[in-house]
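The values are calculated or read from the model by the stated rules, or taken from the named source; none is laboratory data. Bear in mind that the values here come from a model prediction, so they are computed numbers and not experimental data. Cβ placement follows ideal geometry from the backbone for every residue including glycine, while neighbour counts extend to all protein chains displayed.
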């Protein structure tokens with residue numbers, strides 16, 4: 001199945017503790033069906049001090065399920081993603097506006 005959300009897409013969170021927050025996808029994990037979004041679903045991880053790093057409590061972006069994310073269109077509203085063929089190429093488009101992503 002084609003990827004509806006890709007790295008670099010601006011998304012909004014639809015469900016969970018971070019509902020309504022917006023961010024950019026930094027990493028997609030297709031096997032798990034999850035994505036890492038900048039500034040969303042942050043957890044504190046305790047790291048040991050080493051010669052290179054200070055250690056302590058470090059905030060880390062955790063993966064969030066793709067079903068809880070929606071793409072933002074040019075108007076800044078959540079939209080679903082569709083596929084169509086233009087000039088012999090398969091392209092993604094926003095269902096609300098019809099614009100190619």
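Quick check, is residue 3 under 15 Å from residue 70 (Cβ atoms) and in a loop (DSSP other than H, G, I, E, B)?
When the stated conditions are applied, residue 3 passes them.
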remark   = Over segment 84-94, the set of residues part of a strand (DSSP E or B) and either touching a helix residue (DSSP H, G or I) at 6+ places or on another chain (Cβ under 9 Å) or more than 19 Å from residue 10 (Cβ to Cβ) (or both) is 84, 85, 86, 89, 90
inquiry  = Out of 21, 31, I need the residue that is under 30 Å from residue 81 (Cα atoms), surrounded by 14 or more Cβ atoms within 10 Å (Cβ to Cβ) and more than 10 Å from the chain's Cα centre (by Cα). Which one?
reply    = 21
ask   = Restricting segment 34-44 to residues that are surrounded by fewer than 18 Cβ atoms within 10 Å (Cβ to Cβ) and modelled with pLDDT of 95 or more, which is nearest to residue 73 (Cα to Cα)?
value = 38
